[in-house]
1. Between a first residue in the range B:5-30 that is under 14 Å from residue B:228 (Cβ atoms) and more than 14 Å from every other protein chain (Cβ to nearest Cβ) and a second residue that is modelled with pLDDT under 80 and buried (at least 20 other Cβ atoms within 10 Å of the Cβ), which pairs have beta carbons less than 6 Å apart while being 6 or more apart in sequence or on different chains?
2. Tell me, which residue of the range A:32-53 that is at the interface with chain B (Cβ under 7 Å from one of its Cβ atoms) and surrounded by fewer than 21 Cβ atoms within 10 Å (Cβ to Cβ) is modelled with the lowest pLDDT?
3. How many of the residues making up the range A:223-259 are more than 19 Å from the chain's Cα centre (by Cα) and part of a loop (DSSP other than H, G, I, E, B)?
4. Run down A:123, A:56 and say which single residue is surrounded by 19 or more Cβ atoms within 10 Å (Cβ to Cβ) and within 8 Å of chain B (Cβ to nearest Cβ).
5. Please determine whether any residue of the range A:275-298 is outside any helix (DSSP H, G or I), free of Cβ contacts under 8 Å to residues at least 40 places away in the same chain, in the same structural domain as residue A:235 (by TED's automatic domain parsing) and touching a helix residue (DSSP H, G or I) at 6+ places or on another chain (Cβ under 7 Å).
6. Taking strands (runs of 3 or more DSSP E) that do not extend beyond the range B:36-140, which have at least 1 residues that are more than 8 Å from chain A (Cβ to nearest Cβ), over 24 Å from the mean Cα position of the chain (by Cα) and more than 30 Å from residue B:180 (Cβ to Cβ)?
7. Out of (1) in a helix (DSSP H, G or I); (2) touching a helix residue (DSSP H, G or I) at 6+ places or on another chain (Cβ under 9 Å), what's the single condition that is false for residue B:357?
8. For residues that are within 7 Å of chain A (Cβ to nearest Cβ), more than 21 Å from residue A:21 (Cα to Cα) and over 18 Å from the mean Cα position of the chain (by Cα), tally how many sit in the range B:278-309.
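The values are calculated or read from the model by the stated rules, or taken from the named source; none is laboratory data. Bear in mind the structure is a predicted one, so any value in this text is a computation, not a measurement. Ideal geometry is used to build each Cβ from the backbone, glycine not excepted, and the neighbour counts take in all protein chains shown.
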């Protein structure tokens, strides 16, 4: 009995995999944009927080030289030295820089005399993102200028930083995991949904129904095919991230990482089968799947840190299974932590089971029709 | 004259046929129309929420200097502040509810008054460098601005900001306009790409090409049909940007022609993709999935010249970049590159013409091959 079950499941899985592999355009359409997104995120991160700025030093005195050195070393700008004010103005006008920092002609003299010495910061304040970066970065450099004076510094208030985690994670690394989870969701929904809907659209559902196998066997085979495709894609991105040094789980955390990928892939594949069996047409299945994957990606904190969003958004996210997938992957890969892993696994497992149940129900009801 | 009338009839017939076909796939049509709005709302929602770092401040001292320091932090353009006792603050950061806990020690006022060193405790939930670096920079900014106000004679070096524009445009009004372009791209690619690919997939392209109608009139008819359907989504998205996000354009006429020109480009691109790929599934997947990388690469967050050189080169390959530049000018009068409105528009027109030619060539080549 079990032998027949496994043979039938194997045959259905193999058939769906072969159909999928015969459509290289579909595979490319799924993988290429994700790779493009990863590349774009990596490129974008190089500019985040370090805006291009022109520095004009109109004073040759020692304090002006020191200030200029500190601005150079501050690692908060991408600095271009301008030989004159007019050159800097041209750079600002041509949008080569966000701002011009000008150390005025009498800067050293005024400091020596204890008089106010303002550093002019001319900002192209077209949006708050870049403007606030500059507003934070210039005082940062000024603070470093005073710190360099040691005990003689008039600023006695200092900052004692303690970090909650052992390592800092780069912004683009942080966004890779939600992107991977979105790929799993999209792939599972689309491949599962289309594989089920295709049976109705091409009327092969009748043949499946008339075959001497249980309906549970058919559903298991279809979910398995979609799962293998989806998990394979997820694994590909994870290994790519590993090779590039972006996502490198360590030791035992490889297991939790792979387990989460398995659960998310299973959840999305089963949900895809349920959707495909329900709608029975490939085009609406695709449209709804992509919309759903997009919504779930954002609502599970795809481009932000969910914990820092407003409470009502967090409340919504608590009902999105992908939230738990993102969390578990972040903990395992970035922080080598199993914090709330039990909850994450439980939620994802229950979601996957519910999705499989929905798939079974949907398939059975529509096969019967 | 008869030839012109004949071509117009073909265009009208193809357009009508494609619009009717779109109406038969209602779920797809509705999803396609609302997808751009979804993109707009979702991206706006999370950008809005993520602009200020939630921070708990433990005020062990409530003296005037401590209060002044709190105000300096509030004005640092970085924090969403709340006060808490030490225990609650620790719980908040452990539970991941705040990015940082700033602790002002009990002897803060006394030490500041006596000009003695004093350390402010800053515990950071260093989840990622974006938030962490914001905090690392915003605390020194608060310290410097606190000293600048409390002890102007001691701390004499201060920044003097000169702004180019009378007011700084906030995250949502700026990004909303960029997202509008991406939304137009997704909607147009989806509509024209599927309409074109389905002709090949269902084999009806043979009938079209075997008919005595000219190739270009078939193409124009199909594209006009896609434009008419996509226009619904575009109107919806523009309405959301203007009436929901409250971004009122400074040049309405520019908004209209830039949107229509963008629509034409993306419809032509979708038709080209559909003709080349000949299968609607990968076209749909590409249309949706390209939206996110395009959003990040095309200068949605600010002038592309502020990015690293490689990003600038890549961005300038795609028409999305020029469309964003023009829409930002139409809505906010911003000049995001040095080309001016005319040259940016000319570049977009070249894209439109180029894509139309490529689509025609692709259609002719496919005809020979099949």
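1. Matching pairs, first to second residue: none at all.
2. Among those that are at the interface with chain B (Cβ under 7 Å from one of its Cβ atoms) and surrounded by fewer than 21 Cβ atoms within 10 Å (Cβ to Cβ), it is A:47.
3. 3
4. Details: A:56 fails: within 8 Å of chain B (Cβ to nearest Cβ).
Just one listed residue meets the conditions, A:123.
5. no
6. Details: elements: B:53-59, B:79-83, B:100-104, B:118-124.
By residue number, B:53-59, B:79-83, B:100-104.
7. Only one criterion is unmet by residue B:357, namely (2).
8. 1
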